[in-house]
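J.: Once you've had a glance at the structure underneath, I'll fire off some questions.
The values are calculated or read from the model by the stated rules, or taken from the named source; none is laboratory data. If you're wondering where the values come from, they're calculated on a predicted model, not measured in any experiment. Here the Cβ positions follow ideal geometry from the backbone for every residue, glycine too, while neighbour counts run over all protein chains shown.
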Amino acid sequence: MDIEDNDESETGFGAAGLLSRGNREDLPTLTLSAGMPLADSGEWKLKSGRYYEMEIEADGSQELALVGSGFFRAIWIDEIVIEGIEIRPMAIDSLEFDEAGTAEISFIAIKPGAYMLQVPGSSLQKIDITIE
């Protein structure tokens with residue numbers, strides 16, 4: 001098949017497939033701050049096969065990690081950007097912020113299921129994620 005035959009009108013995607021701009025969605029920012037919830041909403045519903053961009057901001061009020069090994073295994077990570085440095089990991093288990101900063105994670109949701117991102121040991125600082 002020629003690339004010209006694979007246009008957006010036939011497949012729903014552009015030449016970049018799942019990475020096409022029309023398949024992308026920005027998620028609400030997660031904020032790491034001592035004793036505060038991660039987000040306004042405690043739940044995200046994602047669609048398998050969709051490309052998402054997630055921003056995590058730490059205010060530096062405390063050294064905090066964000067863990068979610070099940071979630072990170074259920075997605076394909078395109079890149080993590082920290083201070084303009086693009087990282088293309090095979091996999092991650094967690095992110096830890098020792099000081100204030102921002103990390104952006106671009107990924108495709110793959111495996112349907114129920115997952116969680118959370119600050120270890122906190123019931124308030126978590127977000128439930130469903131991939132459908």
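J.: What is the residue count in region 47-77 for residues that are under 10 Å from the mean Cα position of the chain (by Cα) and more than 10 Å from Asp93 (Cα to Cα)?
T.: To start, the set of residues in region 47-77 that are under 10 Å from the mean Cα position of the chain (by Cα) comprises 51-56, 71-72, 75-77.
Going one step further and asking which of them are more than 10 Å from Asp93 (Cα to Cα), we end up with 51-56, 75-77.
Summing the residues that are under 10 Å from the mean Cα position of the chain (by Cα) and more than 10 Å from Asp93 (Cα to Cα) in region 47-77 gives 9.
J.: Right, next: For Trp44, which of the numbered conditions (1) exposed (fewer than 13 other Cβ atoms within 10 Å of the Cβ); (2) modelled with pLDDT of 90 or more fails to hold?
T.: (1)
J.: Got a number for residues in region 37-62 being of a type in the set (Lys, Arg) and touching a residue at least 60 places away in the same chain (Cβ under 8 Å)? Show your work before the answer.
T.: Step one: list which residues in region 37-62 are of a type in the set (Lys, Arg), which gives 45, 47, 50.
If we keep only those that are touching a residue at least 60 places away in the same chain (Cβ under 8 Å) as well, we get 45, 47.
The qualifying residues number 2.
J.: Mind listing whichever residues of region 51-75 are closer than 15 Å to Tyr115 by Cβ and either buried (at least 16 other Cβ atoms within 10 Å of the Cβ) or not polar (S, T, N, Q) (or both)? Quick ask: steps written out before the conclusion?
T.: Just the residues of region 51-75 that are closer than 15 Å to Tyr115 by Cβ, to begin with: 52, 54, 66-75.
Hits for region 51-75 are Tyr52, Met54, Leu66, Val67, Gly68, Gly70, Phe71, Phe72, Arg73, Ala74, Ile75.
J.: Kindly indicate whether Ile108 is surrounded by 14 or more Cβ atoms within 10 Å (Cβ to Cβ), touching a helix residue (DSSP H, G or I) at 6+ places or on another chain (Cβ under 9 Å) and aliphatic (A, V, I, L, M). Please lay out each step first, then the result.
T.: Values: surrounded by 14 or more Cβ atoms within 10 Å (Cβ to Cβ): yes; touching a helix residue (DSSP H, G or I) at 6+ places or on another chain (Cβ under 9 Å): yes; aliphatic (A, V, I, L, M): yes.
Taking the combined requirement at face value, the residue satisfies it.
J.: Just checking, which of Leu95, Leu117 is under 28 Å from Asn23 (Cβ atoms), in contact with a helix residue (DSSP H, G or I) (Cβ under 8 Å, 6 or more places away or on another chain) and either surrounded by 13 or more Cβ atoms within 10 Å (Cβ to Cβ) or in contact (Cβ under 8 Å) with a residue 60 or more places away in the chain (or both)?
T.: Working: Leu95 fails: in contact with a helix residue (DSSP H, G or I) (Cβ under 8 Å, 6 or more places away or on another chain).
Checking each option against the conditions leaves just Leu117.
J.: Sort out which residues of region 76-92 are surrounded by 10 or more Cβ atoms within 10 Å (Cβ to Cβ) and free of Cβ contacts under 8 Å to residues at least 12 places away in the same chain, and write them in order of number. So that I can check it myself, show each step before the final result.
T.: Here is the first cut: in region 76-92, the residues surrounded by 10 or more Cβ atoms within 10 Å (Cβ to Cβ) are 76-82, 86-87, 89, 91-92.
Glu86, Ile87 - these are the residues of region 76-92 that are surrounded by 10 or more Cβ atoms within 10 Å (Cβ to Cβ) and free of Cβ contacts under 8 Å to residues at least 12 places away in the same chain.
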